[in-house]
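Visitor: Can you keep this structure in mind? I'll have questions shortly.
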Amino acid sequence: MSEKIILDAQQLQLTLRRLAHQLFEQHPHFENTILLGIQPRGVFFAERLVRIIKDEFMGEMVAFGLLDISFYRDDVHRQADIKSYKTQIDISLENKNVVLIDDVLYTGRTVRSAIDALLDYGRPNKVELCVLIDRKFSRHLPVQADYVGKAIDSSIVQKVKVKWKEQDEVDEIVLIN
């Protein structure tokens, strides 16, 4: 198995800052907006974005939550053992602008599950999607991200691994053949 670095630590940090700026441009002061990290892999990404927004925009208050989609997946009936995570949404999503945050957009099925899950917490005004990596030629569903860190061409046999310092001791994104 070989690995090719898609983004190293410095490039990843620049990408995170760019995405944070784009979010701030579209949601000034985050007054009616909540950022939701999709469990489990979108959480580190979402936490980093929130931290950058607070640091770079004078402590802007950002509503932030975690969304577990385990039991909303369309393949849940195929799995004998389902690992579930914590959902933490401290405000109503009714009439809010929701930005779903995940590390990799691949088939679109995770996003569909996330939309189903978030509707249990209210009817948002608008739902947007922010992803770190868009594997653009692999969709099973008509899903498109509003904010993209990097779009890549990859085959179905390749994997994208997002490594976070908090979990993997290094910040980088690799393509595995």
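Throughout, read-outs are computed from the coordinates displayed, never taken from laboratory work. For clarity, every value in this text was computed on a predicted model and none was experimentally measured. Counting neighbours? That spans all protein chains shown, and the Cβs are built from the backbone with ideal geometry, glycine included.
Visitor: Please work out if Lys150 is without any contact (Cβ under 8 Å) to a residue 12 or more places away in the chain and under 18 Å from Leu49 (Cβ atoms).
Guide: Considered against the rule, which asks whether it is without any contact (Cβ under 8 Å) to a residue 12 or more places away in the chain and under 18 Å from Leu49 (Cβ atoms), Lys150 comes out as no.
Visitor: Can you name the residue in region 1-22 that is more than 13 Å from the chain's Cα centre (by Cα) and buried (at least 19 other Cβ atoms within 10 Å of the Cβ) and is also nearest to Pro124 (Cα to Cα) among such residues?
Guide: If we filter region 1-22 for residues that are more than 13 Å from the chain's Cα centre (by Cα), which is where we start, we get 1-15, 17-18, 21-22.
If we keep only those that are buried (at least 19 other Cβ atoms within 10 Å of the Cβ) too, we end up with 6-7, 12.
Numbers: Ile6: 34, Leu7: 33, Leu12: 30 Å.
Ranking the qualifying residues of region 1-22, first place goes to Leu12.
Visitor: Kindly provide the set of residues from region 136-157 that are surrounded by 13 or more Cβ atoms within 10 Å (Cβ to Cβ), in a loop (DSSP other than H, G, I, E, B) and touching a helix residue (DSSP H, G or I) at 6+ places or on another chain (Cβ under 9 Å), ordered by number.
Guide: Hits for region 136-157 are Val143, Ala145, Asp146.
Visitor: When you look at Lys96, is it surrounded by 17 or more Cβ atoms within 10 Å (Cβ to Cβ) and more than 18 Å from Ile173 (Cα to Cα), yes or no? Spell out the reasoning first.
Guide: On the way: surrounded by 17 or more Cβ atoms within 10 Å (Cβ to Cβ): yes; more than 18 Å from Ile173 (Cα to Cα): yes.
Considered against the rule, which asks whether it is surrounded by 17 or more Cβ atoms within 10 Å (Cβ to Cβ) and more than 18 Å from Ile173 (Cα to Cα), Lys96 comes out as yes.
Visitor: State which residue is nearest to Gly42 (Cα to Cα) when the search covers only region 72-98 and only residues that are aliphatic (A, V, I, L, M) and in contact with a Phe, Trp or Tyr (Cβ under 8 Å, 6 or more places away or on another chain). Let's see the steps before the verdict.
Guide: If we filter region 72-98 for residues that are aliphatic (A, V, I, L, M), which is where we start, we get 76, 80, 82, 89, 91, 93, 98.
When the remaining residues are screened for being in contact with a Phe, Trp or Tyr (Cβ under 8 Å, 6 or more places away or on another chain), the result is 82, 89, 93.
Details: Ile82: 18, Ile89: 15, Leu93: 19 Å.
Filtering first and then ranking leaves Ile89.
Visitor: Just name the residue that is nearest to Trp164 (Cα to Cα) out of those in region 18-52 that are in contact with a Phe, Trp or Tyr (Cβ under 6 Å, 6 or more places away or on another chain) and touching a residue at least 24 places away in the same chain (Cβ under 8 Å). Working first, answer last.
Guide: Here is the first cut: in region 18-52, the ones in contact with a Phe, Trp or Tyr (Cβ under 6 Å, 6 or more places away or on another chain) are 19, 22, 24, 35, 39-40, 44, 50.
Cutting the leftovers down to touching a residue at least 24 places away in the same chain (Cβ under 8 Å) gives us 19, 22, 24, 35, 39-40, 44.
Working: Leu19: 17, Gln22: 22, Phe24: 23, Leu35: 19, Gln39: 15, Pro40: 12, Phe44: 7 Å.
Looking at the filtered set, the residue picked out is Phe44.
Visitor: I need the full set of residues from region 1-58 which are within 18 Å of Lys96 (Cα to Cα) and part of a loop (DSSP other than H, G, I, E, B), in order please.
Guide: His27, Glu31, Asn32
Visitor: Anything in region 116-135 that is surrounded by fewer than 18 Cβ atoms within 10 Å (Cβ to Cβ) and either free of Cβ contacts under 8 Å to residues at least 24 places away in the same chain or in a helix (DSSP H, G or I) (or both)? List them, or say none. Full working, then the answer.
Guide: Step one: filter region 116-135 for residues surrounded by fewer than 18 Cβ atoms within 10 Å (Cβ to Cβ), giving 116, 119-120, 122-123, 125-126.
Asp116, Leu119, Asp120, listed by residue number.
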